[in-house]
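First up is the structure itself, then whatever we jot down about it.
The values are calculated or read from the model by the stated rules, or taken from the named source; none is laboratory data. As the structure is a prediction and not an experimental result, all values here were calculated from the model. With ideal geometry, Cβ positions are generated from the backbone for all residues, glycine too; neighbour counts draw on all protein chains shown. Each accessible area value is taken on the protein alone, full model and side chains, heavy atoms only, with ligands, DNA and RNA left out. Shrake-Rupley method; radii C 1.70, N 1.55, O 1.52, S 1.80 Å.
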Amino acid sequence: MIQFKLVLLGDSSVGKSSIVTRFVKDQFDENKESTIGAAFLSQTIKLIDNQDNPDSPEEVSIKFEIWDTAGQERYKALAPMYYRNSNAAIIVYDITDDKSLSKAIKWVNELKERLPTDLDDPNRCIISLVGNKLDLVDDQESNRKISTQEARDFSIDNGLLFHEVSAKNNIGIKEIFQELGEALYNQH
Ligand code: GDP
């Protein structure tokens, strides 16, 4: 079992807790109260490692120790405590709220200043940028405030992984963690 510390960052109400709850408990709560300070959860996933010996692939367990932080400005000073020594960060924005992408970009810049993030650094923190609430644009494309292209371009320019997801409809959530697990395992 290999453990990795993972932190979620982003503006309040973008769906950080909903993403974690979907991943850890496979539930979605429409009326959930917002996180105060931070919440801790853990979840284990399995990966197949066939790099060393392609003929007999090996199953590997990856345990994520997840810190879900509160997005409110008044808790901002606490954030470094949660992202310190993180192996991975999921930075969430809401694709129906254009302010939330600017907030996410601020978090990306803060992490790049404070943590090792260079692609060739073996201890780097791997960052995944995640646009949530994809379900809200399914029926009504006019709800979309942030284009896939804009967020993807930013991710590519900054060496981030990128996903658009819906915690509510369970779209793309597993993939965020699976991809991070694989990237972390391959660099560890
Ligand atoms: P956090 O403050 O970033 O942790 O956000 P929450 O997880 O508390 O979610 C904020 C609000 O957005 C809640 O009312 C959720 O029900 C709602 N929400 C979260 N994820 C989604 C989603 O994928 N789709 C929709 N439509 N609403 C969502």
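A few comments on the model shown:
- Residue count for the range 61-80, restricted to those that are modelled with pLDDT of 95 or more and open to solvent by 20 Å² or more (accessible area, probe 1.4 Å): 4
- Restricting the range 16-63 to residues that are acidic (Asp, Glu) and in contact with a Lys or Arg (Cβ under 9 Å, 6 or more places away or on another chain), the residue that is farthest from LYS168 (Cα to Cα): GLU59
- Subset of the range 132-153 [of a type in the set (A, V, I, L, M, F, W, C) and either open to solvent by 40 Å² or more (accessible area, probe 1.4 Å) or on the phi > 0 side of the Ramachandran plot (or both)]: LEU136
- Pick from the range 47-60, criterion open to solvent by 100 Å² or more (accessible area, probe 1.4 Å) and either acidic (Asp, Glu) or under 18 Å from the mean Cα position of the chain (by Cα) (or both), ranking: farthest from MET1 (Cα to Cα): ASP55
- Condition met for LYS25 (within 15 Å of the ligand (Cβ to nearest atom) and either surrounded by 12 or more Cβ atoms within 10 Å (Cβ to Cβ) or over 18 Å from the mean Cα position of the chain (by Cα) (or both)): no
- Considering the range 71-98, the residues that are part of a strand (DSSP E or B) and of a type in the set (A, V, I, L, M) include one that is farthest from the ligand (Cβ to nearest atom), namely ALA88.
- Yes/no for SER100 being within 24 Å of ILE62 (Cβ to Cβ) and crowded, with 19+ Cβ neighbours inside 10 Å: no
- Selection within the range 28-70 - part of a loop (DSSP other than H, G, I, E, B), under 21 Å from ASN85 (Cβ atoms) and within 11 Å of the ligand (Cβ to nearest atom): THR35, ALA70
- Taken together, the residues in the range 115-139 that are more than 16 Å from the ligand (Cβ to nearest atom), of a type outside the set (A, V, I, L, M) and closer than 15 Å to ASN158 by Cα amount to 7.
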